[in-house]
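Everything on this sheet refers to the single structure shown next.
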Amino acid sequence: MSLKKIHPSALKENDGIEQPETISSTSVQQIQKLRRTQPSADDLIASITKGDKTALSRAITLIESTNPEHIEKANKVIQGCLPYANKSVRIGITGVPGVGKSTFIEAFGKYLTSIGKKVAVLAVDPSSSISHGSILGDKTRMEELVKDENAYIRPSASGESLGGVARKTRESIVLCEACGFDTILIETVGVGQSETAVHSMVDFFLLLNLAGAGDELQGIKRGIMEMADLVVINKADGDNVTKAKLAKTEYNRALHLFPMKNSGWNPKVTTCSAIEKLGIDNVWETIQEYFSMTKANGYFDTKRANQNQYWLLETINDQLKNHFYNNPQIENLLELNKKAVQNNEISPFAAAQELLKRYFK
């Protein structure tokens with residue numbers, strides 16, 4: 001009887017070389033300990049006023065939180081930072097999706113840091129009405145500016161607030177100013193109500209547009225153009241240069257149809273190519289010209305004062321609304337009234353009056 005030779009299975013796995021740890025366990029423990037350690041309001045204020053970006057980010061996270069304890073702590077931080085604020089210029093930047101806002105802001109921000117400015121970008125990212133999530137990809141798209149030591153980028157989800165620019169953005173401006181940033185750029189979601197909110201918290205409003213995108217006088221643009229201090233035709237490069245020049249002429253004609261601004265400033269139109277970094281210096285020169293004029297005639301300070309008053313009233317409205325909806329009795333009654341309204345058992349207006357009567361008792 002012959003013995004057959006037994007061959008090892010082809011599926012046999014040989015022992016390999018054990019790979020070393022890619023992350024130091026000691027570093028992991030230190031990071032976890034640091035995250036568990038929550039700095040006090042005084043510690044945050046001290047770090048922010050020394051230019052600590054990490055402390056700035058932590059403070060903005062507190063502002064964005066709805067936790068009552070966080071809100072109380074955030075208010076202390078803001079109050080402590082107020083004496084160091086109001087030393088910057090605030091520029092709102094908007095435009096329809098696809099106009100190149102992120103590319104423009106990166107090119108503009110890099111230009112500003114190159115001339116000695118410290119730039120903070122507060123980018124409002126739209127939240128989904130279905131999943132309530134946001135991509136928050138602005139820092140990824142601004143890959144050069146995010147590495148600049150004199151720049152800070154903070155993307156925030158718009159949430160359910162007016163275009164995502166309510167109390168949290170307004171107060172984030174104060175913290176950025178206290179951190180030493182002298183130029184604050186606020187990027188809005190796009191075309192919508194958020195532009196009105198941004199206009200009420202900035203010194204200068206810049207509208208980005210495209211050449212050949214349709215009728216330059218269509219209604220969706222008119223409201224924004226009335227708020228704009230400067231219209232910039234982006235992507236004026238390659239075969240698009242001629243179209244950009246034509247669009248500039250058309251927008252100049254359109255702006256003459258609008259009434260004179262209280263600032264006495266005549267809105268201007270210019271072209272640029274953010275991708276090729278052409279015309280960016282002209283944009284800044286125009287903004288400087290605006291600030292020189294409005295500071296000389298007193299409009300700059302008057303506008304800031306009016307904005308403070310506006311946000312006082314907006315904050316009261318916001319707090320009343322939150323207090324109403326978070327009232328335990330109102331929560332129960334609201335659900336009952338919703339069903340009654342859906343079943344046509346009561347009108348929406350009568351139901352609202354009933355709820356408000358209960359609330360103010």
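What follows is calculated from the coordinates using simple rules that are stated; it is not laboratory data. On a predicted model such as this, the values are computed, not experimentally measured, just so you know. Using ideal geometry, Cβ is built from the backbone for each residue, glycine included, and neighbour counts are taken over all protein chains shown.
Taking other C-beta atoms within 10 angstrom as a stand-in for reagent exposure, Leu334, Leu356, Leu44 fall in the order Leu356, Leu334, Leu44, fewest first. Each Cα pair under 8 Å and six or more residues apart adds its sequence gap; the mean of these over the residue count of region 236-361 is a relative contact order of 15 percent. Here region 313-360 yields Rg over Rh of 1.03, to two decimals, using C-alpha coordinates and the Kirkwood radius.
Select from region 81-127 those chymotrypsin sites (Phe, Trp or Tyr not before Pro) which occupy a DSSP coil region and have at most 10 other Cβ atoms within 10 Å, ordered by residue number. Here no loop site has a sparse enough neighbourhood. The loop-placed GluC sites (Glu not before Pro) in region 269-336, going by DSSP, that have at most 14 neighbouring Cβ atoms within 10 Å of their Cβ come out as Glu276. Checking a compactness column here: for region 213-361, what do you get for Rg(Cα) / (2.2 N^0.38 Å), N being the number of residues? Cα-based Rg divided by the globular estimate yields 1.66. Length gained on full extension, Asn322 to Thr66: 91.1 nm, using 0.36 nm per residue less the C-alpha separation. Can you classify region 38-84 as rounded, prolate or oblate using the Cα gyration tensor, where a ≥ b ≥ c are the square roots of its eigenvalues, rounded means a/c under 1.5, and otherwise it's prolate if a/b beats b/c and oblate if not? In terms of gyration-tensor shape, prolate. In this structure, the amide hydrogen of Phe258, modeled 1.01 Å from its nitrogen in the peptide plane, lies closer than 5 angstrom to no residue at least 5 positions away or on a different chain.
Here's the picture: charge each Lys and Arg Cβ at +1 and each Asp and Glu Cβ at -1 in region 230-288, and of Asn234, Asn266, Leu246 the one pushed furthest to the positive end of that dipole is Asn266. As a proxy for reagent exposure, His256, His70, His323 were ordered by neighbouring Cβ count within 10 angstrom, fewest first; the result is His256, His323, His70. Ranking of Thr196, Thr271 by neighbouring Cβ atoms within 10 Å, starting from the fewest: Thr196, Thr271.
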